[in-house]
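Undergrad: Got a structure for you, written out below as structure tokens; questions coming shortly.
What follows draws every value from the coordinates through simple rules; no lab data is involved. The structure presented is a predicted model; accordingly, all values stated were derived computationally and were not measured. Counting neighbours? That spans all protein chains shown, and the Cβs are built from the backbone with ideal geometry, glycine included.
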């Protein structure tokens, strides 16, 4: 053992002059944030002035800091409460996103899809019409003024009868409920027919598909029958829907097929082509989604998996390229960035159930399995497929809305995702913009609370928010903020959770 | 008009021992709240194994052992990083404590539609009136069920 | 082989240490001894694969639970 000494500088703090804020170093400056979602960059001297109570009238930062609620002097409690209430409006609204698994059957066997699909002969994993009716009856009891039935699988169109029934029955029921009702379909298009496509268009079911990138990459990730080209098929149907929307007179800005991509290790070699393809297809949004790092066999993970650090390096490269394209006049939004930006740049929260605090498990979203089992979210349903029913909160056949919504597991998930009581989250500058997914914690660490320094999701959220603030910190001519603000604009069509789950 | 004395930054020495794959040091609870020591320690659980022990009254001994082999320079950097986090953690603790009343007010109004005082002045008056048993050394109460606490030893 | 961790009760929450022992119960035989000033964990029969890091991981887990309890 050898003894060492380092010198520390303790900053003075004048407590009675402060309002509540969090802080951290971003882009070489001090970023201060508060519960209302306000933020401000300070240089070293001004940050020390803030702590020491030296920000008085006449100080260059006084006006901005007071206006944003960082100073005790002139702090407006009512305004702060209103801003806070608006940011957390989703709390207590009831589930708006109702994920319905119409079947587990699927004719693709994608490398990253684990335990949530069955082969095409397993008709016993189709949802019955009786169960479908019970799902709608339960879901429509949510007090949320907005209800979205999102069809997932398996491949949901394999059980088109249940899908059609839910759309038609919920519409009928909504004549009395008067909610804003939407239906969206997440489909791989491999089972699509013209008849079904026309029905989906006519019945205004939003369509989202999977497109992992160029042909080689897409076909590698998304294994189909040997003689079939999954990429060519999905391109064919994207073109079909987009053409037909125009032909039937729909606004293509609002009506177009959206796509989701999943990042596998192979994506790292093709990141530029992936963005270029989305641009070529006129996609409005690209979600650079990471794999959920659980449920894989070790050899599969070695082939397609990666570390958080590798993913984030990819994200930063692809994000920079997307921004470059936007600066050059092309319009495409990175989805996760847009979620954070809405929290950072607007008075609202986009209510994206994966980045919320408390999270949306059972309170913002509910997943209904083909057999009527109810889960807090779709990931919980997948966990069940791996033999763990810990996150089941009922059964549509015999559970009331109150029982489902008030289930102890729903409460536990809310507590486990309340950042104010989670060490490190409670003091993190990113707290007003971030969210916690207890399911992800559970699957990666065996504990719904998880340890922040060991959480890949925490690293991901922190890094993405940092990248955005780095651009905002060094944006003298406002060119980044102009693009970022455009990314936060919500068109009616995008109120839906379609392609965001 | 008399100009008020401005508070100044203080410097202090942070002494630590450096061993094979580990650093250890003692933190004075008269300078750093236990909550701040927790906050700083917790940030290192991904890279280090930590152990806190009580070697003397109001002194917390912290040992960090790195999970991976580390050079002397890396261990020195680790000590510096911990010290910085400790400073930040103490600041955050004090900001949180000083503004808890305001936060409680706007949270209550936001979520329950009420919250008592209608102006910041009313709230400050309330806070003053509370005459909290302020600990001049800013040390929070640790585990309330601790026998040492009950005996007033720690 | 028996190993022992001694947690000062003024630093670690008793319930947190007990919970940590419970969470690690499948990985070793752990006896909890609660004293006036400390909580001791006496660890025997560790999972051979995890034995080299078990005590350290257990201590980190007890710290995590303590910090979580203090913040909640």
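Undergrad: Can you figure out the FRET efficiency of residue B:61 with residue A:317, using R₀ = 41 Å and their beta-carbon distance, to the nearest 0.05?
TA: Numbers: r = 44 Å, r/R0 = 1.08.
Efficiency at R0 = 41 Å is approximately 0.40.
Undergrad: Something else about it: As I understand it, the value is the acute angle between the Cα axis of helix A:230-247 and the longest principal axis of the Cα atoms of chain A; what does it come to in degrees, rounded to 10?
TA: The helix A:230-247 is inclined about 90 degrees to chain A.
Undergrad: Sort the following peptides by mean Cβ neighbour count (other Cβ atoms within 10 Å, averaged over residues), highest first: A:241-252, A:191-202, A:276-287.
TA: Per-residue Cβ counts within 10 Å, averaged per peptide and sorted highest first, yield A:276-287, A:191-202, A:241-252.
Undergrad: Continuing with this model, one more query. Using a 10 Å cut-off around each Cβ of peptide B:93-105, what is the average number of partner chain Cβ atoms that fall inside? Walk me through the numbers on the way to the answer.
TA: Working: counts 1, 4, 10, 5, 1, 9, 9, 1, 1, 8, 7, 0, 5.
That average works out to 5.
Undergrad: Then there is this: Grab the DSSP H runs of the protein assembly as shown that are 4 residues or longer, score each as -39,500 (n - 2.57), total them, divide by all residues and round the 222 nm result to the nearest 500 deg cm²/dmol. Intermediate values should be presented prior to the final figure.
TA: Working: 25 runs with 288 residues, N = 727.
Rounded to the nearest 500, the figure is -12000 deg cm²/dmol.
Undergrad: Report the calculated FRET efficiency for residue A:397 and residue A:44 (r = Cβ-Cβ distance, R0 = 45 Å), to the nearest 0.05. It would help to have the intermediate numbers written out before the result.
TA: Values: r = 63 Å, r/R0 = 1.39.
Step by step, r from the Cβ atoms, then E = 0.10.
Undergrad: Modelling each spin label as a point 7 Å along the Cα-to-Cβ direction, I'd like the residue A:331/residue C:22 distance in nm, to one decimal.
TA: Placing both labels 7 Å along Cα→Cβ, they lie 5.6 nm apart.
Undergrad: Students often check this: by mean Cβ neighbours within 10 Å, which of A:160-171, C:43-54, B:14-25 ranks highest, and how do the rest follow?
TA: Ranked from most to least packed, the peptides come out as A:160-171, B:14-25, C:43-54.
Undergrad: Taking a ≥ b ≥ c as the square roots of the Cα gyration tensor eigenvalues, with a/c under 1.5 meaning rounded and otherwise prolate when a/b beats b/c, else oblate, which class fits region A:230-359?
TA: Working: a/c = 1.63, a/b = 1.23, b/c = 1.32.
It is oblate, given that a/c is not under 1.5 and a/b is not larger than b/c.
Undergrad: Which shape class applies to the protein assembly as shown: rounded if a/c is under 1.5, otherwise prolate when a/b exceeds b/c and oblate if not, where a ≥ b ≥ c are the square roots of the Cα gyration tensor eigenvalues? Numbers along the way, then the final one.
TA: Numbers: a/c = 1.80, a/b = 1.49, b/c = 1.20.
Cα axes put the protein assembly as shown in the prolate bin.
Undergrad: Run the numbers on chain A and let me know its relative contact order in percent, using alpha-carbon pairs under 8 Å that are six or more apart.
TA: Numbers: 821 pairs, mean separation 85.1, N = 501.
Normalised by residue count, the contact order of chain A is 17 percent.
Undergrad: Can you give me the distance in nm between label points at residue A:86 and residue A:4, each placed 7 Å from the Cα along the Cα-to-Cβ direction?
TA: The answer from the label model is 5.0 nm.
Undergrad: Here's something else I'd like to know. Mind checking the mean number of beta-carbon atoms from other chains within 10 Å of the Cβ atoms in A:422-428? Mind showing how you got there, number by number?
TA: Details: counts 4, 14, 6, 1, 5, 10, 1.
Partner-chain Cβ atoms within 10 Å, mean over residues of A:422-428: 6.
Undergrad: Any chance you could give the angle, 0 to 90 degrees and rounded to 10, that helix A:456-473 forms with the longest Cα principal axis of chain A?
TA: Once rounded, the angle reads 60 degrees.
Undergrad: Take the alpha carbon gyration tensor of region A:23-156, find the square roots of its eigenvalues, order them as a ≥ b ≥ c, and report rounded if a/c is under 1.5; if not, report prolate when a/b exceeds b/c, else oblate.
TA: Details: a/c = 7.21, a/b = 2.46, b/c = 2.93.
Oblate, because a/c is 1.5 or more while a/b does not exceed b/c.
Undergrad: Just to confirm the number: angle between the C-alpha axis of helix A:77-87 and the first principal axis of chain A, 0 to 90 degrees, nearest 10?
TA: Computed tilt is about 30 degrees.
Undergrad: From a point 7 Å beyond the Cα of residue A:479 in the direction of its Cβ, which residues of region A:305-321 have a backbone N at a distance under 19 Å?
TA: In region A:305-321, the label zone of residue A:479 (backbone N under 19 Å from the point 7 Å along Cα→Cβ) covers A:317-321.
Undergrad: Provide a whole-number value for the mean count of partner chain Cβ atoms within 10 Å of the Cβ atoms in peptide C:11-23. Walk me through the numbers before you get to the answer.
TA: Values: counts 15, 7, 4, 3, 2, 1, 0, 0, 0, 0, 0, 0, 2.
For this peptide, the per-residue mean of nearby foreign Cβ atoms is 3.
Undergrad: Please compute the length gained on full extension between residue B:100 and residue B:71, using 0.36 nm multiplied by the number of residues separating them and subtracting their Cα-Cα distance.
TA: Numbers: separation 29, 0.36 × 29 = 10.44 nm, distance 4.21 nm.
Between residue B:100 and residue B:71, full extension yields an extra 6.2 nm.
Undergrad: Could you list A:471, B:61 in order of exposure, starting from the residue whose Cβ has the fewest other Cβ atoms within 10 Å? Working shown, then result.
TA: Numbers: A:471 19, B:61 16.
The most exposed by this proxy come first: B:61, A:471.
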